[in-house]
Amino acid sequence: MKEKEMIDLTESIDKITTIASEKSLDFFTMRYEICPSDVLYSIGAYGMPTRFSHWSFGKTFSRMKMDYDFNLSKIYELVINSDPCYAFLLENNTLIQNKLIAAHVLGHSDFFKNNVYFSLTNRDMVNTMALYAKQIHEMEFEYGLTDVEHTLDAVLAIQEHINPWYAYHTGGPQGVKSNDKHAHEEKDLLSFIAENSKSLQSWQKQIVYMLREEMYYFWPQIETKIMNEGWATYWHIRIMRELELSEDDLINFAKVNASVIRPSPHGINPYFLGLKMFESLEKNYGQAFLFEVREMNNDLSFLRNYLTKDLIAETDMYLYGKRDNSYVITNKEWNTIKQNLLSQKVNGGFPYLVVLDGDYNQNGELLIKHKHEGIDLDLSYVEKTLPYLTFLWGKPVYLETIVSGRTKTFMCKGNEQVEAV
């Protein structure tokens, strides 16, 4: 950005912050940084400005950056759930785009600070992840890059299988202990493995705990995507309306905003759906009610409680599937659509797995059960993930699930071969 534009943006951010405060938004102290595309997309790929190195992050970066270079998609900003709250703006953005983004991230910051599902997250996670990255880098020198990378591969393959509800009963993820090998339906696989695995060395268990704490930080973002983006979009529109904008700026704002909230023909645009739901609630219950909704809900409860028949019709939602060689609309019945959307939000959209027995067959083997909720597991993922679980546990691992309506158990002995038993 040119110096004159930077001065204009700085002055506008002050005005935007004042307007947001007057509208009762309660956000963290903000820190804004203008970044080149390489830096912004690196943060997007890694999930944070500071994190350990892993090939999967590089793969994500390559895909995201290629989409940007070919003008297929664009990240305008990234905002970090921290105190102070860091917002990273793309240096190629226009001035009006960055003004919109400044208003948008204040909505995110308010959501981070006041939504109950974020209440126990580590607000200093930027520094915590920097420390973890340093420790893992030191492990690579001490234990070898290959062994450390393979351990990271294995833990990342099951990183979503924590029990976030424990945190609300224990005051945070560090309070969770899963050291009972016969614990009844233990959901926190990472903790259970770190506590009970006989094959992992102490440094490997340390990696499990590091990635587990990172996932506790990321989990609220997974389960509030529609709410969080809808809330930020709702407020950036209302804040921008109160700025003194030229006619050209108004037109450019309208174009950018339209591109953000346009419905997707093949999926849910969280900006669009979240905005429509908050606007509907405002119309029916008043704006003050929105702050209560923002505080107490995640996407699952938000959709269950407030996604109505009229909203589904207004947003023209439908289910579609492939027939022969083309995709067609298969259902437009509002309750079926709603139930389908809710099912995608259960457990963050990930399979619900629990440990049934850490001494299965009285031989120290591990039995895991998939709590089937109407959707079969992707068997290609089963074949790739079970060997990682076997590596972490050190003995055969069994997975009980339902396939095509019939109970089925898969077993892996650690030889990369998954068998149905």
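Give the residues of region 240-259 that are in a helix (DSSP H, G or I) and more than 26 Å from the chain's Cα centre (by Cα), sorted by residue number. Within region 240-259, MET240, GLU247, ASP248, ASP249, LEU250, ILE251, ASN252, PHE253, ALA254, LYS255 qualify.
Only residues that are assigned to a helix (DSSP H, G or I), more than 22 Å from the chain's Cα centre (by Cα) and not basic (Lys, Arg): list them for region 260-290, please.
Selection gives GLU279, SER280, LEU281, GLU282, ASN284, TYR285, GLN287, ALA288, PHE289, LEU290.
In summary, strands (runs of 3 or more DSSP E) completely within region 2-100 and bearing 2 or more residues that are crowded, with 19+ Cβ neighbours inside 10 Å and in contact (Cβ under 8 Å) with a residue 40 or more places away in the chain occur at 85-90. Filtered by the rule that a residue be out of contact with any Ser or Thr (no Cβ under 8 Å at 6 or more places or on another chain) and surrounded by fewer than 17 Cβ atoms within 10 Å (Cβ to Cβ), region 374-401 gives ASP378, LEU379, SER380, TYR381, GLU383, LYS384.
Residue count for region 370-395, restricted to those that are closer than 24 Å to GLN344 by Cα, assigned to a loop (DSSP other than H, G, I, E, B) and not acidic (Asp, Glu): 5. Inspection of region 14-30 identifies no residue that is more than 27 Å from GLU223 (Cβ to Cβ), out of contact with any Phe, Trp or Tyr (no Cβ under 6 Å at 6 or more places or on another chain) and at pLDDT below 95.
Within region 106-126, the set of residues being touching a residue at least 24 places away in the same chain (Cβ under 8 Å) and either out of contact with any helix residue (DSSP H, G or I) (no Cβ under 7 Å at 6 or more places or on another chain) or basic (Lys, Arg) (or both) comprises SER109, ASP110, LYS113, ARG123, ASP124, VAL126.
When residues in region 210-250 are screened for being in contact with a helix residue (DSSP H, G or I) (Cβ under 6 Å, 6 or more places away or on another chain) and within 18 Å of ASP153 (Cβ to Cβ), 3 of them pass. Any residue in region 147-165 that is at pLDDT below 95 and in a helix (DSSP H, G or I)? Scanning region 147-165, I find at least one residue that is at pLDDT below 95 and in a helix (DSSP H, G or I), so the answer is yes.
Being of a type in the set (Ser, Thr, Tyr) and surrounded by 15 or more Cβ atoms within 10 Å (Cβ to Cβ) is the filter here, so list the residues in region 267-291 that pass it.
TYR271, SER280
The values are calculated or read from the model by the stated rules, or taken from the named source; none is laboratory data. None of the values given here were measured: they were computed from a predicted structure. Note: ideal-geometry Cβ built from the backbone for every residue, glycine included; neighbour counts use all protein chains shown.
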